[in-house]
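Reviewing the structure listed below.
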């Protein structure tokens, strides 16, 4: 086998222990999905926290959820859905080799992620100001029902862990933007971009459930 | 429902048409506003069901189209569904406990065998026939049951027999509300 055919079969982005680029990509995808499985179970514990305590305190949950700002929650839902679209478009552009479009879409995704965090900050600041805080830090007086601090424990742990994921996603996407600018990716190799997209979509999916569960208790 | 995309890149990865991506995003926007609107309609306990069905449909759209599960190896779909299956097992089985705790705490107020040593009371200062209450965050009352069991070893024969009778009496009086 000549060196030329070897190079064609084993380009620089394929690590030596993989037989082909396709095998490397399939392996990365399976690994990423297994990681997403652990993420679902991580959030699953908190969804359980929500379900068990809401079953015990249905009226308190209903009363306490009125303290949340539905407008901000809805805006954040739309912001995250749009960011999911832009990250999907960023990957699609790289599949077609349109690097400049990828840079544009990745930048918009990062911008939308920061928008989400800013809106979240204003929500948290309002709750902090009113004393609607988790557990023993709760000192608001305007919510009827026993133990409303439980609702805010649920609210802050669930949205807090989600916000940590948004921050992590923003950092990873900034890294992907730098790598795109460095011309690390091409239409042949964009696996890290694709994995970042999968992670970002999962963060979106989790918010899709958090939004009605927390903001829209009917 | 969905046309399979025709174009692929050189490695067989599917390039999803733009109109599919924008269509899904439009659907997600619409369903978000639909959930919001539905929350103002009072359907009783159906509200949560409707909200979760919409959220489930939105999540499916994201997973199938944005995350490419529709076109990818079905093994990846299996991994995703496994996570959901185990989540359902975890929450479902725990609910069997948390939804029925009230009944269990009620039972602990009515000893099955009042003669057994664990129910004997050493606290002779307590008035005979004092009610024994269940220790439960749901009954909202504290009790002395735990102290009793730890001091069982120290009880004399006569006092344990007396208190066993007291237990029997109190369990009879308590059982009125249980059934």
| request: Note the angle between two axes, namely the Cα long axis of helix A:99-130 and the longest principal axis of the Cα atoms of chain A, as a number of degrees from 0 to 90, rounded to the nearest 10. | output: 20 degrees
| said: On C-alpha positions alone, give me the angle between the axis of helix A:191-210 and the longest principal axis of chain A, in degrees, nearest 10. | reply: 20 degrees
| query | Between rounded, prolate and oblate, where does segment A:121-165 land on the alpha carbon gyration tensor, with a ≥ b ≥ c its root eigenvalues, rounded for a/c under 1.5, else prolate if a/b exceeds b/c? | reply | oblate
| message | Starting from the 7 Å offset along Cα-to-Cβ, what nm value, one decimal, do you get for the label separation of residue B:46 and residue A:42? | response | 3.9 nm
| query | What FRET efficiency comes out for the pair residue A:115/residue B:103, r = Cβ-Cβ distance, R0 = 51 Å, nearest 0.05? | reply | 0.55
| said: What's the whole-number percent of alpha carbon pairs in segment A:40-215 lying beyond 27 angstrom? | reply: 34 percent
| Relative contact order of segment A:40-215, defined on C-alpha pairs under 8 angstrom at six or more residues apart (%) | 33 percent
| query | For residue A:157 and residue A:181, what does the FRET efficiency come to when R0 = 30 Å and r is the distance between their Cβ atoms, rounded to the nearest 0.05? | reply | 0.25
| field | Peptide B:61-72, shielding by other chains (average Cβ, 10 Å cutoff) | value | 5
| said: For chain A, what does the helix formula give at 222 nm: sum of -39500 (n - 2.57) over DSSP H segments with n ≥ 4, over the residue count, nearest 500 deg cm²/dmol? | reply: -26000 deg cm²/dmol
| note | Subtracting the Cα-Cα distance of residue A:70 and residue A:34 from 0.36 nm times their residue separation yields 9.6 nm
| task | Using a 10 angstrom cutoff on alpha carbons, build the Gaussian network for chain A and name the most mobile of A:159, A:86, A:38. | result | A:38
| field | Virtual spin-label span in nm between residue A:188 and residue A:101, 7 Å along Cα→Cβ | value | 2.1 nm
| request: Report the label-to-label distance for residue A:62 and residue B:82 in nanometres (one decimal), using points 7 Å from each Cα along the Cα→Cβ vector. | output: 4.1 nm
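No value in this document is a laboratory result; all are computed from the given coordinates. This structure is a prediction, so every number in the text was calculated from the model and none was measured. Cβ atoms come from the backbone with ideal geometry, glycine included; neighbour counts cover every protein chain shown.
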